[in-house]
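What follows is a short report on a single structure.
Quick note: the coordinates plus some simple rules give every number you see, no bench work behind them. Because the structure is predicted, anything quoted here is derived from the model rather than measured. A quick note on method: Cβ atoms are made from the backbone with ideal geometry, for glycine too, and the neighbour counts reach across all protein chains shown.
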Amino acid sequence: MNMRKKVKNKTKGIVTIIGLGYVGLPLACLCSEKGYKVYGIGKDRKKINLINKNVSPLQDKEIEEWLKKVKIEAGISFDIVKRSDIIVICVPTPVDEQYNPDLGPVKSATEGIRKNMKRGQLIIMESTINPGVCEEVMLPILEKSGLKAGKDFDLAHCPERINPGDSKWNVRNIPRCVGALSKKGLDKSVKFYKSILEGSVIPMKSIKEAEATKIIENSFRDVNIAFVNELAKSFEKLGIDLFNVIKGASTKPFAFMPHWPGVGVGGHCIPVDPYYLIERAKMSGFDHKFLKLAREINNSMPAYAVNLLVKILNHLGKALKTTRVGVLGLSYKPDVGDIRESPSLKVLKHLKDLEANVEIYDPYFLEKSTTKNLDELLKKCQVIILVTNHNEFIDMDLAKLKKYGIKVVIDGRNCLNKEKIIKLGIIYKGIGR
Ligand code: SAJ
């Protein structure tokens, strides 16, 4: 009896997860917990060694605990694909400096599978991709093996919906949409996900529909954030506190979904995914003017926040060059240590271009911070720009701003108490408030 059969008798089957980050690692833990023999393929030896010692390479409490209770054999070789029943791809789908989609990781993972794939396997793509990637990019590579999709192997797409730092929604309970090239592939995929998930599994009519589902979810979020960011610029001139207006509009019990203006849109999903649709639609002769405008508005927010500061300093007869500016936060979202596409990177670049003296503090990135703690930063600086609404900043004792002589606060996440800061005689400016 071969290895696959032996392991199959003792487990539900052999699953190999390619990509062991925020998406792949929780999925690997869940598959192991639900009785699959789980292998992981990664690129970073340090991370792989940690996982093999049941230690999480990610700053995520839940995964740290989970990894201690499951068994994942991680490595860098694709050989293990030979012995797998199901192979799930969870690699990054980034954009480059010019915001062009970069399918490099997808292509190399698919190539690794091609060299080792066997008859009867189910290959599932979980990374966020635009409609067409499975059939136009992955399929040609896989069929170079001589095996035929739908006959010798199955190809499906189940877009990931991981929300880092979310205590309510996680890999177990988030509903998932699945699409596949063939009915058999769809049935096998739905069966697999139903065997590990508590959340519902929704079969889509095609693999393209599954690809499109995730892209519109995140494009929806990007355009809604752009909507309020444009309002923020307009209401700044009208002297209206947009933050309060959105709170007012949120009392409408239907047909309104609040989004919040801020210093920018970061992360590996929201600011990235729309470009995958924009570029693919362009190839078919459609120009997504609206999606592109939303991206433009959101990308303009870091400079907008810095310019708010410049305008205030000029009004005070001060120059940015002779002011020490404290940047609070590097992460793209609160209480996680993730800097991908973070607006903080653009804020720091604008400040550097304007020759400002900058101090940085982020409790999740002490190695990138220039001060050991928040107090040290406040002591050194005259003005601050808050970029990340970490709880540590929201909970700070605002009297310290006065004590350390902070003159201006730019609240990039509208998360500080505006009235209190103004009462302390400090100039407060939020985004749209
Ligand atoms: N942001 C705003 N205003 C908002 C909401 C977010 O400026 O009203 C900014 C955040 O500060 C951050 C960026 O946008 O810089 C992205 O924020 P996010 O809350 O969307 O966080 P992500 O990137 O972790 O998004 C994930 C996504 N999940 C997946 O792609 C599987 C997204 O689909 C979720 O909607 C989002 O979490 C969520 O709802 O928290």
Cα centre as origin, Lys/Arg/Asp/Glu Cβ charges: the range 41-188 dipole, Debye: 720 debye
Relative contact order of the chain, defined on C-alpha pairs under 8 angstrom at six or more residues apart (%): 11 percent
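Note down the magnitude of the dipole of the range 182-317 about its Cα centre, charges +1 on Lys and Arg C-beta and -1 on Asp and Glu C-beta and zero elsewhere, to the nearest 20 debye. Walk me through the numbers before you get to the answer.
Details: 19 positive and 13 negative charges, 93 e Å.
That gives the range 182-317 a dipole magnitude of about 440 debye.
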Sum of -39500 (n - 2.57) over DSSP H runs of 4+, divided by residues of the chain (222 nm, nearest 500): -12000 deg cm²/dmol
The range 293-433: radius of gyration and largest Cα-Cα distance (Dmax), Å: 13.8, 43
Förster-model FRET efficiency, 35 Å R0, residue 82 and residue 169, C-beta, rounded to 0.05: 0.50
Share antiparallel - DSSP beta bridges, the chain, percent rounded to 5: 5 percent
The chain: most fluctuating residue of 315, 390, 157 per GNM, C-alpha cutoff 10 Å: 315
Proxy reagent accessibility, fewest Cβ within 10 Å first, across 338, 287, 187: 287, 187, 338
Tensor-based shape of the range 32-168 (alpha-carbon gyration tensor, a/c under 1.5 rounded, otherwise prolate or oblate): oblate
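Taking N as the number of residues in the chain, what is its alpha-carbon radius of gyration divided by 2.2 N^0.38 Å?
For the chain, the normalised Cα radius of gyration is 1.09.
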Shape box of the range 96-228 [Cα atoms, principal axes, largest first, Å]: 51, 39, 25
Share, in percent, of DSSP beta bridges within the range 11-122 that are antiparallel, nearest 5: 5 percent
GNM result for the chain, Cα springs below 10 Å: residue of 146, 21, 326 fluctuating most strongly: 146
Hz values of 3J(HN,Hα) by residue in the range 372-386 - Karplus curve (6.51, -1.76, 1.60), Gly and Pro given as x: 6, 7, 5, 4, 4, 5, 4, 5, 8, 10, 9, 9, 10, 10, 8
Lysines with Cα under 21 Å of residue 420, excluding same-chain neighbours fewer than 8 positions away: 247, 379, 400, 402, 403, 407, 429
Hz values of 3J(HN,Hα) by residue in the range 148-155 - Karplus curve (6.51, -1.76, 1.60), Gly and Pro given as x: 10, 5, x, 10, 9, 8, 10, 10
The range 7-98 shape via C-alpha gyration tensor axes, a/c threshold 1.5: oblate
Scaled radius of gyration (Cα, divided by 2.2 N^0.38 Å) that the range 107-155 gives: 1.04
Between helix 273-283 and the chain: long-axis angle, C-alpha atoms, 0 to 90°, nearest 10: 70 degrees
Residue order, fewest to most beta carbons within 10 Å, for 111, 341: 111, 341
Among 276, 137, 72 the positive-end extreme of the charge dipole of the chain (Cβ point charges): 72
For the range 213-262: rounded, prolate or oblate by the Cα gyration tensor [a/c cutoff 1.5]: oblate
Residues with amide H under 5 Å from that of residue 156, placed H, sequence gap 5 or more: 123, 124, 125
Alpha carbon centroid spacing (whole Å) that separates the range 28-43 from the range 156-228: 19 Å
Cα-based Kirkwood hydrodynamic radius, the range 326-396, one decimal, Å: 12.0 Å
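Given the range 357-410, what whole percent of its Cα pairs are spread farther than 12 Å?
So the portion of pairs separated by more than 12 Å is 63 percent.
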For the range 158-198, alpha-carbon Rg relative to the globular expectation (2.2 N^0.38 Å, N residues): 1.29
Crossing angle, helix 207-238 versus the chain [Cα axis fit, 0-90 degrees, rounded to tens]: 0 degrees
Top of 192, 393, 254 by mean-square fluctuation, Gaussian network on the chain, Cα under 10 Å: 254
Residue order, fewest to most beta carbons within 10 Å, for 73, 65: 65, 73
Reachable lysines from residue 115, criterion Cα separation under 20 angstrom, eight or more residues apart if same chain: 43, 82, 107, 144, 148, 151
Hydrodynamic radius by Kirkwood, which averages 1/r over all alpha carbon pairs of the range 235-360, in angstrom: 17.0 Å
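Between their Cα atoms, which of 214/289; 34/184; 61/418; 194/252 are more than 27 Å away from each other?
61/418; 194/252
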Total charge dipole magnitude, the chain, about the Cα centre, Cβ charges on Lys, Arg, Asp, Glu only, Debye to nearest 20: 1020 debye
Helix 24-33 axis, angle to the chain major axis (alpha carbon atoms, nearest 10°): 50 degrees
